[in-house]
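The values are calculated or read from the model by the stated rules, or taken from the named source; none is laboratory data. What you are looking at is a predicted structure, and each value in this text was computed from that prediction instead of being measured. Cβ atoms come from the backbone with ideal geometry, glycine included; neighbour counts cover every protein chain shown. SASA here: full protein model, heavy atoms, side chains in, ligands and nucleic acids out. Shrake-Rupley method; radii C 1.70, N 1.55, O 1.52, S 1.80 Å.
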Amino acid sequence: MAVTIKAGIVGGAGYAGGELLRLLLLHPNVELAFVQSRSQAGKPVYAAHSDLLGETEMKFSADATIPVDVLFLCAGHGEAAKFLAENEVPADTKIIDLSQDFRWNENTSSDMVEAGERSFVYGLPELQREQIQQAQHIANPGCFATGIQLALLPLAKQNLLNVDVHVSGITGSTGAGQSLSATSHFSWRTENISTYKVMEHQHLREIKRSLQSLQEEGQPEIHFIPYRGPFARGIFITAYLQTDLSLEEAQGLYKDYYKGHPFTLVTDQNPDLKQVVNTNKCVLHLQKHGQMLVITSLIDNLMKGAAGQAVQNMNLVFGLEETTGLKLKATAF
């Protein structure tokens, strides 16, 4: 018999919530029980997500009291922990949190983050697939963290991250969330570019902890410069470091690591961002210039960087085929 998963969303009015809504409404094994939003309560979901007009007549609810098999937390950072502290969620309900509230950091050696009586497993399938399959609660990785980790995990697995790593990454405006700010207005963002949180981006904590889980000694310094890009969605990352590996050796190492991981692809062709937008893919490309190995990593920040990866984790937790509901074509033109 087909598995039917009853799902609920907390904080469904934002960008990640909207993408999650779209995915779950089309997922063959999901029955969406409610979509909660304090700011939009009582309104139809298409009032906040116009792309869902004609897809559903659901309305946002003010609370999240209906029992479900899995609860997705799409509230802002700090709000997920607050929600769980203020609301009674049944012990047998799976929780997948898209905020940073329960992600691991460099201060713990455990595979989990303890939050009261709950233990959260870090939800990067290419790193912890087996742990995710057995987990009750999942902390979804950050968007930049996902792209950078997937660029570096194969090297860490072979203890080859023994020199400084330099990373630059540019992200679309949806990465900043739906709330308006000076740097999210169209008139500022279009035809413009700027750096932010140079060398101190919050995702560095989870990146370092993930790499440490594979390579315990000789942790490299990661010098990360994030950029705001003049486009809506997607992340384009370039990482480079010195190595004695030949290009052929590096390509073999990466293809071997990601064998069996359906969403992470290693290509010999120079990729572009539109190849991943609207998909749950990460596309990796390697180049060798002298002693420098250059790794390009591309993801959609709202999909593999948020809602898509959350659904991927749900599939793993409930024993479904990992790609269920996520076989999406990129909007290449």
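Normalising the Debye intensity of the range 238-333 to I(0), with uniform scatterers on Cα atoms only, and taking log10 at q = 0.13, 0.15, 0.16, 0.24 Å⁻¹ returns -0.50, -0.64, -0.72, -1.19. Using just its DSSP H runs of length 4 or more, each adding -39500 (n - 2.57), the chain gives a mean residue ellipticity at 222 nm of -7000 deg cm²/dmol after division by all residues. Here the Karplus relation 6.51 cos²θ - 1.76 cosθ + 1.60, evaluated at θ = phi - 60°, turns the backbone of the range 325-332 into coupling constants of x, 10, 8, 10, 8, 5, 8, 7 Hz, with x for every Gly and Pro. Carbon-plus-sulfur accessible fraction, the range 1-74 (probe radius 1.4 Å, protein heavy atoms only): 51%. Here the simple spin-label model places points 7 Å from the Cα toward Cβ, and for Ala232 and His77 these points are separated by 2.5 nm. For the range 153-269, relative contact order (Cα pairs under 8 Å, six or more residues apart, normalised by length) works out to 43 percent.
In order along the range 163-169, the Karplus-derived 3J(HN,Hα) couplings, from 6.51 cos²θ - 1.76 cosθ + 1.60 at θ = phi - 60°, round to 9, 4, 10, 10, 9, 10, x Hz, and Gly and Pro are given as x. For the pair the range 1-58 and the range 255-285, the centres of their Cα atoms are 28 angstrom apart. With r as the distance between the Cβ atoms of Lys157 and His223 and R0 = 35 Å, compute the FRET efficiency 1/(1 + (r/R0)^6) and round to 0.05. Given R0 = 35 Å and the Cβ-Cβ separation, E is 0.95.
Mind checking which aspartates and glutamates have their Cα closer than 19 Å to the Cα of Lys259? Skip sequence neighbours fewer than 8 apart in that chain. Within reach: Glu126, Glu130, Glu248, Glu249, Asp268, Glu321, Glu322.
Per-residue extension of 0.36 nm, minus the Cα-Cα distance of Ala41 and Gln202, leaves a gain of 54.8 nm for this segment.
Computed over protein heavy atoms with a 1.4 Å probe, the accessible surface of the chain works out to 45 Å² per residue.
Magnitude of the charge dipole for the chain, about its Cα centre and with charges confined to Cβ atoms of Lys, Arg (+1) and Asp, Glu (-1), is about 780 debye.
Return a whole-number percent for the relative contact order of the chain, with Cα pairs under 8 Å and 6 or more residues apart as the contact set. Relative contact order of the chain: 17 percent. Residues Met314, Met58, sorted by accessible area with the largest first, give Met58, Met314 [1.4 Å probe; ligands and nucleic acids excluded]. When all protein chains stay in place and ligands, DNA and RNA are ignored, the 1.4 Å accessible-area order of Tyr46, Tyr258, Tyr240, Tyr196, largest first, is Tyr240, Tyr46, Tyr196, Tyr258. Once the Cα-Cα distance is subtracted from the 0.36 nm per residue extended length, the Thr190 to Ala91 segment shows a gain of 31.0 nm.
Between Asn270 and Phe333, the FRET efficiency from the beta-carbon distance, with R0 = 22 Å, is close to 0.80.
Pairs exceeding 23 Å between alpha-carbon atoms, taken from Lys157/Lys288; Lys304/Lys329; Lys59/Lys281; Lys94/Lys255: Lys59/Lys281; Lys94/Lys255.
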